[in-house]
Structures are given as C-alpha cells and as structure tokens.
Amino acid sequence: MAAAGLDASPVVWSDPAVDWSSFDLVVANGAWDNIHHVDEFLRWIDHLEGLGTAMVNSPATLRWNFDKQYLRTLESAGVPIVPTQWIGPSRAQNRAGSDHAGGAAVAAQLELDGEVVVKPAISGGGFQTARYEPAEHAAARAHIAALVDAGTTVMLQPYQSSVDDDGETGLIFMGGDFSHAIHKRPMIRRGVAPGPSLIQNQVVTASSATPDQVALGQQAVEAAASVLGPTTYARVDLVRGADRRPALLELELLDPVLFFTTAPPAAARFAEVLVRVLASA
C-alpha cells in the first residue's frame, strides 16, 4: 500500500479509541472475532455507514455475508452450491413447545444419510463445525439440537468425499477479477467433536484453477454483485461434488484471508484496486 501511495494503518474494529471518521477508506478484513460479538459488529457497520466513511466491502455486503444463509440467495440465482438443509430455531418453536424440546424434536425428525457436516450459519474458521459418519448420527443430532437450542440456524450438508482426495480450492477475486488460487488440505477430520476452531488443521499452498472453477467463481461473484453492487475483494471456496463438477462451499466477502503469501504480486494488485476505489469514492 505504501508503494501505491496509500497511508495505511491496521486498527481493530472494536477499539473505542479509533476515530473512524479520520479515514478515507476502511477495508473491513480480518475481524475474526466478530462471530462472537454479532450485535456489536453489526452496530459497528451501522456506525461507519452513519459517519459516511467509505467502506469495502460495502456495509450492505458485509451484513449480507455475515450469515451463511446468503447461500440461499446465490442458489436461487442459479449458482451451484453444496447441498444444504437449513434448520432454524423458528422451525423448532413451531414443532414443539419450547426451545429446549424443539431442538431435540427437530433433530430427531431430520433424515440423515451417509456422512454429514453440521455447522452454524454464523461461523468462521470452523467454529462449532464437525463431520459425522453414519454410525455417529446420534452425535450429529445432539450437535444440531444444541445449536438450535442456542438460537442458531444450523447448516446440514452431505460431506463431499472428493475433499479427502482433492481438498478445497479457494479463488481470490479483486475488483471483480480473478487474481490467484490456493489449495487447502481437508480441515474437518473424522471423530473430532465440534470446537472453537479448525484453523490448526489448515494447510494452504499456492494452486492453479481449472476453467470450470474460474467460471463458477465468476458466476458467484457476479450473482452477489447483482444484488449488492461491485465487490472489492472476494474469496470463492469450492469443492467438487459427486459428479466432479465444482460446487460453491462459501463466498467470502467479509474477513477472508486473501493469501498474498502464496502469490506475492497479488498484494500490489490489491493496493491498486484500493487506489481505484478511493479515486471513485
């Protein structure tokens, strides 16, 4: 950023001493504790928007991307996602008399088939995410019930077995254009209970992307842009389904690591994107 003529300062979103009005642009990235302070983080976004401080990605984009139910919007727009069942507290309350009974009741009625992944819709870094084999479906139901009882919308997905062999592919887009790709080894391991993070399992290397992966990444970024306007940065996380076609796991428009260490020239490209954003602000 200095080489691009930008005076950049890293500051913490929750620091009350920061004068956000003193910045021409705030790049909201790396606030990984926000999932534990949902209301406070959303109020912070509102505060910056009220100040009129330019922000990327936009306040509307950050709010939308904070809850992984954004995947429903992308699926409706024709973007192929990993198949997902959404289990929410309201569903539990409709089927039972209390939150506690509701979580257990809903979990008991779900059809679980094969190996599955359970995770909360507001999550990051593998928070409270776990993988269950068919013999562990009782544990999966208990996990679902606990999340629902806590007022959390739950995502239930079939585990994509291709990940064991292929891992995940992450595509980084800057200013709407594909920049570089990374490869992640499998992070969700068998027999491990849900916990605060899976980052300790993360092994990332530089990679290349196939044409069908780039096409899906572009489709996902453009679908989000059609709803929320252009994005300054995005990471598109993909896996291959049983049919070997790429499917969207997540579209990260808030907080993604952009993995510049795997593609050092990309850092300068990102700085130039921010220069253009400032020029148009």
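The values are calculated or read from the model by the stated rules, or taken from the named source; none is laboratory data. Computed from a predicted structure; not experimentally measured. In this analysis, Cβ positions are derived from the backbone assuming ideal geometry, glycine residues included, and neighbour counts consider all displayed protein chains.
For (1) out of contact with any strand residue (DSSP E or B) (no Cβ under 6 Å at 6 or more places or on another chain); (2) part of a loop (DSSP other than H, G, I, E, B), each residue gets a yes or a no:
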{"position": "227", "(1), (2)": "yes, no"}
{"position": "236", "(1), (2)": "no, no"}
{"position": "242", "(1), (2)": "yes, yes"}
{"position": "248", "(1), (2)": "no, no"}
{"position": "254", "(1), (2)": "yes, yes"}
{"position": "258", "(1), (2)": "no, yes"}
> Which residue pairs have Cβ atoms closer than 7 Å, lie 6 or more positions apart in sequence or on different chains, and pair a first residue in region 224-252 that is at positive phi with a second residue that is of a type in the set (Ser, Thr, Tyr)?
Replying inline: 229/58
> Is one or more of the residues making up region 108-124 in a helix (DSSP H, G or I) and free of Cβ contacts under 8 Å to residues at least 60 places away in the same chain?
Replying inline: yes
> Restricting region 77-86 to residues that are part of a loop (DSSP other than H, G, I, E, B) and touching a Lys or Arg at 6+ places or on another chain (Cβ under 9 Å), which is surrounded by the fewest Cβ atoms within 10 Å (Cβ to Cβ)?
Replying inline: 80
>> Condition (residue is aliphatic (A, V, I, L, M) and buried (at least 21 other Cβ atoms within 10 Å of the Cβ)) applied to region 159-168: is it met by at least one residue?
In response: no
> Within region 228-281, can you find the residues that are surrounded by fewer than 21 Cβ atoms within 10 Å (Cβ to Cβ) and of a type in the set (Ser, Thr, Tyr)?
Replying inline: 261, 262, 280
> Can you name the helices (runs of 4 or more DSSP H) wholly within region 9-76 that have at least 1 residues being modelled with pLDDT of 95 or more, out of contact with any Leu (no Cβ under 7 Å at 6 or more places or on another chain) and loosely packed, with under 14 Cβ neighbours inside 10 Å?
Replying inline: 38-51, 70-76
> Of the residues that make up region 197-210, is at least one within 16 Å of the chain's Cα centre (by Cα), modelled with pLDDT of 90 or more and either surrounded by 19 or more Cβ atoms within 10 Å (Cβ to Cβ) or among the charged types (D, E, K, R) (or both)?
Replying inline: no
> Here is a list of conditions, (1) part of a loop (DSSP other than H, G, I, E, B); (2) modelled with pLDDT of 95 or more; (3) surrounded by fewer than 17 Cβ atoms within 10 Å (Cβ to Cβ); (4) not polar (S, T, N, Q), and residue 215 meets all of them except one; can you say which number that is?
Replying inline: (1)
